[in-house]
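K.L.:
A single structure is presented below for examination.
The values are calculated or read from the model by the stated rules, or taken from the named source; none is laboratory data. As the structure is a prediction and not an experimental result, all values here were calculated from the model. Glycine also receives a Cβ, built like all others from the backbone with ideal geometry; neighbour counts cover every protein chain displayed. Note: areas computed on protein heavy atoms with side chains; ligands, DNA, RNA excluded. Shrake-Rupley method; radii C 1.70, N 1.55, O 1.52, S 1.80 Å.
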Amino acid sequence: MTHCPDYSYLANVLLRRAGIVLAEKKTHMIETRLMPVVRRFGFRDIPSLLKELHYGHEALVQAVIEAMTTNDSAFFRDRKTFDEFRDIVLPALKEARSDTKQLKIWCTACAAGQEPYSIAMLLDDAKLADEGWSITLVATDINSQMIARAQEGVYSQFEVQRGLPIRRLVSNFTQEGANWRISDHLRRMVTFRTFNLLDSYGWLPDCDVVFCRNVLMYFDLKTRASVLERIGDILMPDGALLVGPAESMDSYILGYVLADSAPGLFYKSRPAPARRLSLVK
Amino acid sequence: MKTCLVVDDSRVIRKVACKILADLSFETMEAENGAEALMACRRKMPDVILLDGQLPQMSGIDFLKSLRSETKGNHPVVLICTTENDPTDLSEAIIAGADEYILKPFDRELIAAKLAEVGLV
Ligand SMILES: C[S@@+](CC[C@H](N)C(=O)[O-])C[C@H]1O[C@@H](n2cnc3c(N)ncnc32)[C@H](O)[C@@H]1O
């Protein structure tokens, strides 16, 4: 029997570098996730990898962080949120932005792209481009392998069947053997980028809508608050924030107000910060 | 109580599906091939059919075409079941009148989700 490696430094790195809290009891999960990194970097075992981690070699740190992220997602996951986006958020913004005809949407933790592509499908349904709208849909994730997958836009049958109605599947994807490839049209609507939510949001545009779903729950409270605050800084005064259903009741959603009878949909409750005010005028 | 006809040549799959459907408060019927399924429908039209794409003799899609030629509108709702390597063409299935698809192996959660998508649970 080998004794359990000390994961305290790993927990420290994850928290410091990605805001992620490592659940202490999930040692089996940690092992399963780290083994591919052990093999890829040619380590003997997990303890040798953990030892090397102390030297802070960037490629290794990034690989470990990526391996430790939970990337499950699905098209139209938590359908209600997408209904709210289509029925409440989008009509209000269409009216509010009718002069500029510009919409900027950020999907903060997009995993393999299911969430931004679901948004793209709804935008496509709304035929905004035909009416001369210019839409920026940025999708980011800390995991570069997920971003590469999202850019590729190829999904297994298993991945498409949950949440994707048959008509959408057939009209927006082409079958490649047992897999399904998203149409070029939808792929071109999304700009993907590897990005850590702990880093500066300076490169992002002022957003009309931010999707931040099923990622805050992995963070410690301080990180949640900081991420939400900084999203607030780049969110337009009348912009909307959409979080996951499990996250919507939490008290840490400070600085936002919950939309009436729309779980997971928030608006800003505080005045826009100075940077925004000067731009919005 | 809503009724569901499970059409599959595998007895095990029919049993698993019927158990899940019964738990979801459906009355279930079984058929092992397309001809039997057509007969079952003529006797008593179900609300929904769980249809395997690859049946012996008559394919799922051929069964669907015959069924739709005998019935009007979208009744019954048809969920076509395929496997990863099944050549069943989903576009063809839609044209023939399938309402949704399910990839096997299925579980309770997936069947419930698909039935919810077509408004049956
Ligand atoms: C469970 S997935 C959620 C995907 C999608 N938003 C959804 O709701 O289906 C969580 C994602 O958050 C990403 N993530 C975790 N920590 C992050 C961080 N610090 N910055 C950016 N993305 C992060 C993970 O890589 C993972 O893909």
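Per-residue answers, yes or no, for (1) surrounded by fewer than 21 Cβ atoms within 10 Å (Cβ to Cβ); (2) within 27 Å of A:ALA59 (Cβ to Cβ); (3) assigned by TED's automatic domain parsing to the domain that holds A:PHE192:
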site	(1), (2), (3)
A:ILE88	yes, no, yes
A:CYS107	no, yes, yes
A:ALA111	no, yes, yes
A:TYR155	no, no, yes
A:ILE166	no, no, yes
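K.L.:
Okay, moving on. Give the residue, chosen from A:SER144, A:SER134, that is open to solvent by 20 Å² or more (accessible area, probe 1.4 Å), over 23 Å from A:LEU197 (Cβ atoms) and of a type in the set (Ser, Thr, Tyr). First the steps, then the outcome.
P.N.:
Numbers: A:SER144 fails: over 23 Å from A:LEU197 (Cβ atoms).
Of A:SER144, A:SER134, the one residue that is open to solvent by 20 Å² or more (accessible area, probe 1.4 Å), over 23 Å from A:LEU197 (Cβ atoms) and of a type in the set (Ser, Thr, Tyr) is A:SER134.
K.L.:
Looking at B:LEU21, B:LEU110, B:LEU79, B:LEU50 in this structure, which one is under 13 Å from the mean Cα position of the chain (by Cα), surrounded by 15 or more Cβ atoms within 10 Å (Cβ to Cβ) and within 13 Å of chain A (Cβ to nearest Cβ)?
P.N.:
Working: B:LEU21 fails: within 13 Å of chain A (Cβ to nearest Cβ); B:LEU110 fails: under 13 Å from the mean Cα position of the chain (by Cα); B:LEU50 fails: within 13 Å of chain A (Cβ to nearest Cβ).
Just one listed residue meets the conditions, B:LEU79.
K.L.:
Being surrounded by 15 or more Cβ atoms within 10 Å (Cβ to Cβ) and farther than 23 Å from A:PHE211 by Cα is the requirement here; does A:LEU60 meet it? Give the steps one after another, and end with the answer.
P.N.:
Details: surrounded by 15 or more Cβ atoms within 10 Å (Cβ to Cβ): yes; farther than 23 Å from A:PHE211 by Cα: yes.
In short, yes.
K.L.:
Here is a follow-up. Answer yes or no as to whether A:SER118 is among the small types (Gly, Ala, Ser) and buried (at least 22 other Cβ atoms within 10 Å of the Cβ). If you could, list the steps in order and put the result at the bottom.
P.N.:
Numbers: among the small types (Gly, Ala, Ser): yes; buried (at least 22 other Cβ atoms within 10 Å of the Cβ): yes.
Yes; evaluated as a whole, the condition is true for this residue.
K.L.:
Mind listing whichever residues of the range A:122-181 are free of Cβ contacts under 8 Å to residues at least 40 places away in the same chain, more than 14 Å from chain B (Cβ to nearest Cβ) and outside any strand (DSSP E or B)?
P.N.:
Within the range A:122-181, A:ASP125, A:LYS127, A:LEU128, A:ALA129, A:ASP130, A:GLU131, A:GLY132, A:TRP133, A:ALA148, A:ARG149, A:GLU152 meet the criteria.
K.L.:
Ok, one more. How many residues does the range A:32-81 contain that are within 21 Å of A:THR194 (Cα to Cα), more than 10 Å from the ligand (Cβ to nearest atom) and not in a helix (DSSP H, G or I)?
P.N.:
Number of matching residues: 2.
K.L.:
Still on this structure, please answer the following. Restrict the check to the range B:64-71 and report whether at least one residue is among the aliphatic types (A, V, I, L, M), more than 14 Å from chain A (Cβ to nearest Cβ) and in contact (Cβ under 8 Å) with a residue 24 or more places away in the chain. If you could, list the steps in order and put the result at the bottom.
P.N.:
Taking the range B:64-71 and keeping what is among the aliphatic types (A, V, I, L, M), we get B:64, B:67.
Remaining after also requiring more than 14 Å from chain A (Cβ to nearest Cβ): B:67.
From what's left, in contact (Cβ under 8 Å) with a residue 24 or more places away in the chain: B:67.
So far as the range B:64-71 goes, yes, one or more of its residues are among the aliphatic types (A, V, I, L, M), more than 14 Å from chain A (Cβ to nearest Cβ) and in contact (Cβ under 8 Å) with a residue 24 or more places away in the chain.
K.L.:
Does any residue in the range A:200-218 that is among the aromatic types (Phe, Trp, Tyr) come within less than 6 Å, Cβ to Cβ, of a residue that is more than 8 Å from the ligand (Cβ to nearest atom) and open to solvent by 10 Å² or more (accessible area, probe 1.4 Å) six or more places away or on a different chain, and which pairs are these?
P.N.:
A:TYR201/A:ARG230
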